[in-house]
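Here, each number is a calculation from the coordinates, and none is a lab measurement. Keep in mind the model is a prediction, meaning the values are calculated, not measured. Please note: Cβ atoms are built from the backbone with ideal geometry, for glycine as well, and neighbour counts cover all protein chains shown.
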Amino acid sequence: MELRLPTIEQLRTVYDRDMCEAFPAAELKPLSDIERMWQEGWYTPWCLFDGDNIVGECFLWRGHSGWALLDYLCTSARYRNGGLGAVMLSKLAETEPDTVIFGEAEAPVHAPDPAMAERRLAFYARNGLRLADYDTEMFGVHYKTLYLAKGEVDFRQLMEEHRFVYENTFSADKFHKYVRIPFDSTMKPGAKVSWQQ
C-alpha cells in the first residue's frame, strides 16, 4: 500500500464515495473548497492506494510550513475495521516527517456518543498521537486537541498554528463567532452549526 496524491477525478470519486458517506454534511467541506485550497497550496488530499484502488484518505489542511491539521481520516466502507486507519497514520508520519500534524477528536464529555468518542481517542493514542494541553470548539462541537510529531512540541506555538489554519481560511467575523482556540472547558459549547454557515 502506498500513500500518494489522487488525480482530480479520483479525488471527486472518493469524496462522493467515501467522504459523503462517512461524515455528516455539517462537518464536510464542499468539494469545490477542497479543490481550490489544494490548487492554492493550502491542502493535501493524501490517499491510501492498494494497487490502483483507493482504500482510504487522510487529508491535511496546511498552515505555515511544517504544520498541518489532519482534516479528515477516512477508510472506504468496504475496508473498515481492517487496520487501515493505523496504516494511514503510520504512512502519513513517514511521508510528512518534518510536519507537526495536529487534529481534533470530539471530547467525550459533550459528545452525543461518549463511548465512541473515547474509542476514537484511544485509537489515536495507540497510533502515536498525543494530547495537547488545550481543547477547542469548532461550530458548537467541543474537541480534544491531538498531535503527531517526532519530538516535543511547544503547546503555545501549536495553539498559534492551530488558530492560523482557521484564521487564514475564515472571515474574521466567522472565526470569532464559531471558533474557540482554546476552549474554556468550564463552559458549555455553543449551538452546533454547519461550518459552511
Lys pairs in the chain with Cα under 18 Å (8 or more apart in sequence, or on separate chains) total 8
The stretch 2-180, Kirkwood Rh and Cα Rg, ratio Rg/Rh at 0.93
With the dipole of the stretch 2-180 defined by +1 on each Lys or Arg Cβ and -1 on each Asp or Glu Cβ, the option from T99, L11, Y178 whose Cα lies farthest towards the positive pole is Y178
Diffing the stretch 34-45: the Karplus 3J(HN,Hα) column from phi (6.51, -1.76, 1.60, θ = phi - 60°), in whole Hz with x for Gly and Pro, holds 4, 4, 5, 5, 5, 4, 7, x, 9, 8, 10, x
Contact order relative to length for the chain, counting C-alpha pairs under 8 Å separated by 6 or more residues, stands in percent at 19 percent
Taking Cα pairs closer than 8 Å and at least 6 residues apart, the relative contact order of the stretch 93-197 in percent is 31 percent
Residues whose built amide H sits under 5 Å from the amide H of G56, excluding neighbours closer than 5 in sequence, are L48, S76
At the level of C-alpha centres, the distance separating the stretch 1-51 and the stretch 141-185, in angstrom, is 22 Å
Sorted by chain and then number, the residues having a modelled amide H within less than 5 Å of the amide H of K192, at least 5 places away or on another chain, are none
Once phi for every residue in the stretch 9-18 is put through the Karplus expression 6.51 cos²θ - 1.76 cosθ + 1.60 (θ = phi - 60°), the whole-Hz ³J(HN,Hα) values, with Gly and Pro written as x, are 5, 5, 4, 5, 5, 6, 4, 5, 6, 9
If E27, E137 are placed from fewest to most neighbouring beta carbons inside 10 Å, the sequence is E27, E137
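Can you give the % of DSSP beta bridges in the stretch 2-180 that are antiparallel, to the nearest 5?
Working: 32 of 35 bridges.
The antiparallel fraction comes to roughly 90 percent.
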The Cα radius of gyration of the stretch 5-59, divided by 2.2 N^0.38 Å with N its residue count, comes to 1.07
